[in-house]
1. Restricted to the stretch 15-29, and to residues that are within 19 Å of His3 (Cα to Cα) and of a type in the set (Val, Ile, Thr), which residue is surrounded by the most Cβ atoms within 10 Å (Cβ to Cβ)?
2. Among the residues of the stretch 45-66 satisfying the criterion of being under 30 Å from Ile31 (Cβ atoms) and open to solvent by less than 100 Å² (accessible area, probe 1.4 Å), which is modelled with the lowest pLDDT?
Amino acid sequence: MAHLNMRLDDNLIKEACEVFDSLEMDLTTGIRIYLTRVIRDRGIPFDWTSPKSDFDEALMDMEHGNYKTFNSVEELMKDLNSED
């Protein structure tokens, strides 16, 4: 059996142990379950996405028709300065 040594933030370990304790298992068992799922799923067993940038979100809004149009600069400025 191999030994695994890792340097992790104390708070991360504390919070993880609290979760695993509530599931009636220790940290080692929780990590073993995670690694078993990684092997079975051939990847990380949860969605792994990077946060979208403001540009990406704006582009998605435009693609879905979620945007405003204005007939003049004055209308635009009025909308930008509104409290809504």
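1. Selected residue: Thr29.
2. Ser50
Table: residues versus (1) assigned to a loop (DSSP other than H, G, I, E, B); (2) in contact (Cβ under 8 Å) with a residue 40 or more places away in the chain; (3) within 20 Å of the chain's Cα centre (by Cα).
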position: Arg7; (1), (2), (3): yes, no, no
position: Leu12; (1), (2), (3): no, no, yes
position: Glu24; (1), (2), (3): yes, no, no
position: Thr28; (1), (2), (3): no, no, no
position: Tyr34; (1), (2), (3): no, no, yes
position: Ile44; (1), (2), (3): yes, no, yes
position: Pro51; (1), (2), (3): yes, no, yes
position: Asn66; (1), (2), (3): yes, no, no
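The values are calculated or read from the model by the stated rules, or taken from the named source; none is laboratory data. All of these numbers come straight from a predicted model, not from anything done at the bench. Because the Cβ atoms are built from the backbone with ideal geometry, glycine has one as well, and the counts that use them run over all protein chains shown. Accessible surface areas use protein heavy atoms only, side chains included; no ligands, DNA or RNA. Shrake-Rupley method; radii C 1.70, N 1.55, O 1.52, S 1.80 Å.
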